[in-house]
Every structure is written in C-alpha cells, then in structure tokens.
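Worksheet: one structure, shown below.
Every number in this text was worked out from the coordinates using simple rules, so none of it is lab data. These numbers were taken from a predicted model, which means no experiment stands behind them. For neighbour counting, all protein chains shown are included, and Cβ atoms are generated from backbone atoms with ideal geometry for every residue, glycine included.
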Amino acid sequence: MAEAKFTSGPWAVSSRGLENDGSAIVVTKATLPDEYHTRIAAVAVRDPGAPRKNRHTYECAERDANARLIAAAPELYIALALAEQALRAVLRNRPQTESAPTNIALDTIAARAAAALAKATS
C-alpha cells in the first residue's frame, strides 16, 4: 500500500458557518480549544438550472452530506486499510480447499479495498 500523503485527521465540518457562497468548510479537527484549524475543502452543490439566488442555501442536505463524507475520509482510509490487511491475512491462513466461493468473494472484496486505497494515494 502506498503511503498516504494527505493531511492527517481527524477532520470535521467547520462549526463556524458557511462561506459567503454557501459552501460548507471541512477543516482539521482541533484537539485544543485555541488550536489552529487547517482548511481541507470547501464543499458546494451547484444546480446549473436553478436561479442564482437559490444555488446556495443554508439548508442543503446534499452539500452537508458531502462535507461529512469528506470529513470522515481519514478515518475511512484507515479503517479500509485495516480491513484489507485483515482480509488478506484470513485468505493467507485459510486452506484453498475450504469454501472456494467464499475465498473468491473475500479476495474480490480485498482487491476492491486495495483499489480504493490506491486511488486515494496515487
């Protein structure tokens, strides 16, 4: 697995409100009250068919869900890496004669996990 070069987590959706354009902000999560937050991403949902005044609203479920997913990325990356390693260990220690369809399914899941991790690090 390639080394992750992204900003280490945890990340969070900023509690300081939205940008002027209505974007939600994902930042590094402070561990101390006066710690500086590093801006990771601005998350906006734009509907090209909507009138300009309606493109950004304070109530935007899709934008907020996207921001939460991005904020969870470091923890998701670590969890997926651990799951992929565990699946590979199970497959290494499991007799090939034991439930071939299960082995194929586990190998497929491990391969998909490895591909997602590679996508995040390449």
Ranking of Ser23, Ser122, Ser8 by count of other Cβ atoms within 10 Å, fewest first = Ser122, Ser8, Ser23
Ranked on Cβ counts within 10 Å of their own Cβ, fewest leading, Asp64, Asp107 go Asp107, Asp64
Based on other C-beta atoms within 10 Å, arrange Leu69, Leu18 from fewest to most.
-> Leu69, Leu18
